[in-house]
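Worksheet: one structure, shown below.
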Amino acid sequence: MNLFDAKRQFKNVFLMRFDSGDAVTFHMLKWGVYKLYRDTLLINEDMHYDAMIDIFLGCVIDSTFQYKQINDQTERLDLSEVINDVPAGIINTVSSMIYGFSGTDNPESFFNDLNEYRKNALIDGENRIITMVTTLLKYKKEEIEDLYWEDVVKIIIQSELMIAGNVPAVPFAPDGPGAVKKIDFDKDNKMLRDN
């Protein structure tokens, strides 16, 4: 799988290089899968080694360990075929990193993550747009990312109009029957309270 395909499929793809020259490309666990490992390890710490092997096999996209010289040709083998050839410590190092960054099992880390993402959310325009559009117009993030830029801009404007209280009945009608009306939420709410 090339890097572009990996990013399409897994969104966040990481590369870890070791002093030995070996390298591993991997993705994080989805949150539901992370919780499965977390809950299992909380119940039975003896499952740690099995969990690390399972995480390694499930999250490693590519590695230098998978390429072997066979009859003067380099062939890429399935990771499960070469798992016993991976040098000591690498499976645990990579899997622990994947596990550690895929979720949290303590409140302090949870709140630190929330605060970090809050700071980034204020400056990350793309995520603010995604949140606004998915909340107001009920699009899914994947649906938005599958659109062309022109359509994304139109959807952003529709969301902004909804936030501002301007919901156009017919676009570009300056006045008359199809005019864009400003919604007076205070007036409407007062009417509801009075009735």
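Observations on the model:
- Scanning the stretch 1-21 for residues that are among the acidic types (Asp, Glu) and not in a helix (DSSP H, G or I) yields one hit, ASP19.
- The criterion of at least 2 residues that are surrounded by fewer than 15 Cβ atoms within 10 Å (Cβ to Cβ) is met, among strands (runs of 3 or more DSSP E) falling completely within the stretch 22-121, by 67-70, 73-76.
- Filtering the stretch 34-71 to residues that are acidic (Asp, Glu) and in contact (Cβ under 8 Å) with a residue 60 or more places away in the chain leaves only ASP62.
- Among residues of the stretch 122-131, those that are in a helix (DSSP H, G or I) and surrounded by 11 or more Cβ atoms within 10 Å (Cβ to Cβ), counted: 5
- Single residue of the stretch 1-21 satisfying the filter (more than 20 Å from ASP78 (Cα to Cα) and touching a residue at least 60 places away in the same chain (Cβ under 8 Å)) that is surrounded by the most Cβ atoms within 10 Å (Cβ to Cβ): PHE18
- Inclusion of GLY125 among residues that are within 30 Å of GLN9 (Cβ to Cβ) and at pLDDT 85 or above is not warranted.
The values are calculated or read from the model by the stated rules, or taken from the named source; none is laboratory data. What you are looking at is a predicted structure, and each value in this text was computed from that prediction instead of being measured. Backbone-built Cβ (ideal geometry, glycine too); neighbour counts: all protein chains shown.
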